[in-house]
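The values are calculated or read from the model by the stated rules, or taken from the named source; none is laboratory data. Just so it is clear, the model here is predicted, and its values are computed rather than measured. Note: ideal-geometry Cβ built from the backbone for every residue, glycine included; neighbour counts use all protein chains shown.
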Amino acid sequence: MLLQAQNISVRLDGVEVLSDVSIGVEAGEIVTVLGPNGSGKSTLLRAVLGMLPLSSGQVRRADGLRLGYVPQKLAIDPSLRMTVRRFLSLPRRVSDAEAAQVLARVGMEAAGHRQIAALSGGQLQRVMLARALLGHPGLLVLDEPTQGLDQPGEAAFYTLIAEVRRDTGAGVLMVSHDLHVVMAASDRVICLNHHICCEGTPRVVSAAPEYRALFGLGTQGALALYQHRHDHSHDGTADHGAQGHDHHDHDHAGHIHHAG
Amino acid sequence: MITTTRGTSIMLDDFLIRAGLAGIGLSLATGPLGAFVLWRRMAYFGDATAHAAILGVALALATDLPVPLGTLVVALSMAVTVASLAAKGWAVDTTLGVLSHGALALGLVAISFVHGVHTSLESYLFGDILAVTPADLATIWGGAMAVLALLIWRWQALLTATLSADLARADGIDPDRERLILTLALALVVAVALKVVGALLIAAMLVIPAAAARALARGPEGMAALASALGAVACLLGLGLSLWQDTPAGPSMVAAATGIFALAALFGRLRRA
């Protein structure tokens, strides 16, 4: 296990945002946390990264684990002018050769001289990924990396993540609220709504009633598309419990109410 | 008023050189610090810290302590207070408004209790660069070099924390510590700048040269260095204006900086068009 969070709870302004959440990421594994807006996804990432105090539980990291973090966005003040090349040298200065190599890796060869503030959302995500890769991370943590990208852009980004995982063997923990594209790109999906509703392989999760309860309402079309494309050969929900995920026995209609 | 005898000419030259050196020394620190003040939107924070310096002057005079020490201590307490209140989620705008003007008013009231200071109150509000002594010069350069060294030492971490606190944390940098370092640097600059531009205009010398440099620079280091250079030019120009037209030196330097900002903004816009 690269990283393991055990029964963690987080309170923000007196509200329990996460309760009793346990997750783990193995080397070379892509784990995606899915959940509606306000379900505590980003809080979970920040908590396991040690950026937020836990009200209970604990987070363990493998010894000497190097983290590569790609935040959701960069709220950069317009008065701070900075080229992509300069950005890559933060906080550790890197050589021009290293910078060129990592920019090529993320498909941004020609961007070194461009201003960070002038990049599109997708370009900025790639540059932030490049910067994270410079630290040779054992675990990449990405917070909604494809927010604001169109569907081909999303698919291309997840392909890039899969390539990075293949080439470096790094584990990947990311957060998303999109369903189909990210599902196909993950080894394991965790469905979060303040607590873990269900977890397992994308196929298992997409068939789980908790997942459908959580996402079924507003996204019928997209879900139906996913089901149609990926689930018709599904061999039932027999492996639903075999993945060792938490199966809560309370009423899941309540989640929709909370999430709404 | 320049020369009647050889002797006064030399004396004039001496105080002019000291004044020029004081302005240049201060600019070396205000350039990079001013850049951070802009990047992190700390302009009002700078104002509050500078206004608190007047209270520091009153306390120093009442207790016979050196004035720079008094201003340093009070400016630092103010900066730390504001920073910790902001971290606790106080409305920063309101907090700064109350503390900034409260400290200024309290300082002015306190200073009126100290005998024989009424005549020099103006010099604390607007600076008295033409009266800089060799000892003042040593204080100004010592403080400015300390700030510059601090900023250069922490440069990479400060810049990372300024871009994103979360990014910094993931890289093992404590953004709260970096903010404390900037707070300390700000208090030091206020303490040494009091003699040069006075409490009311210290924030101006932080913000305006950096804002002018912003229009011309492409990267953070370029902006910081250019802000120092433009600040030094503004000091010398303001000094010249003050001698030529007998205007108050501190406000003249800020006026010169404002002129440089206007030119730089115009030039930056033309170049980008």
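Each row is one residue, and each column tells you yes or no for (1) without any contact (Cβ under 8 Å) to a residue 40 or more places away in the chain; (2) surrounded by 16 or more Cβ atoms within 10 Å (Cβ to Cβ).
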| residue | (1), (2) |
| --- | --- |
| B:112 | yes, no |
| B:131 | no, no |
| B:134 | no, no |
| B:153 | yes, no |
| B:161 | yes, yes |
| B:172 | yes, no |
| B:179 | no, yes |
| B:183 | no, yes |
| B:196 | no, yes |
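State the number of residues belonging to the stretch B:217-241 that are at the interface with chain A (Cβ under 10 Å from one of its Cβ atoms), in contact (Cβ under 8 Å) with a residue 40 or more places away in the chain and among the aliphatic types (A, V, I, L, M).
Matching residues across the stretch B:217-241 total 1.
Can you confirm whether residue A:25 is more than 9 Å from chain B (Cβ to nearest Cβ), farther than 18 Å from residue A:196 by Cα and surrounded by 19 or more Cβ atoms within 10 Å (Cβ to Cβ)?
no
For the stretch A:142-151, does any single residue satisfy the condition of being closer than 26 Å to residue B:154 by Cβ and either surrounded by fewer than 21 Cβ atoms within 10 Å (Cβ to Cβ) or within 11 Å of chain B (Cβ to nearest Cβ) (or both)?
no
What residue, of B:45, B:113, is aromatic (Phe, Trp, Tyr) and within 29 Å of residue B:239 (Cα to Cα)? Reasoning before the result, please.
Values: B:113 fails: within 29 Å of residue B:239 (Cα to Cα).
Sole residue among the options that is aromatic (Phe, Trp, Tyr) and within 29 Å of residue B:239 (Cα to Cα): B:45.
Which members of the stretch A:70-92 meet the condition of being free of Cβ contacts under 8 Å to residues at least 40 places away in the same chain and either at the interface with another protein chain (Cβ under 7 Å from one of its Cβ atoms) or out of contact with any Gly (no Cβ under 9 Å at 6 or more places or on another chain) (or both)?
Passing the criteria: A:75, A:77, A:78, A:79, A:80, A:81, A:82, A:83, A:86, A:89, A:91.
In the stretch A:105-115, is there at least one residue being surrounded by fewer than 19 Cβ atoms within 10 Å (Cβ to Cβ), away from chain B (no Cβ under 14 Å) and of a type in the set (Asp, Glu)?
Looking for residues that are surrounded by fewer than 19 Cβ atoms within 10 Å (Cβ to Cβ), away from chain B (no Cβ under 14 Å) and of a type in the set (Asp, Glu), one finds at least one in the stretch A:105-115, hence yes.
Can you tell me which of (1) surrounded by fewer than 21 Cβ atoms within 10 Å (Cβ to Cβ); (2) at pLDDT below 90; (3) in contact with a strand residue (DSSP E or B) (Cβ under 8 Å, 6 or more places away or on another chain); (4) farther than 19 Å from residue A:126 by Cα is the one residue A:35 doesn't meet?
Every condition holds for residue A:35 apart from (1).
Residue check, residue A:40 against (1) within 19 Å of the chain's Cα centre (by Cα); (2) on the phi < 0 side of the Ramachandran plot, all met but one. Which one?
Here residue A:40 clears every test but (2).
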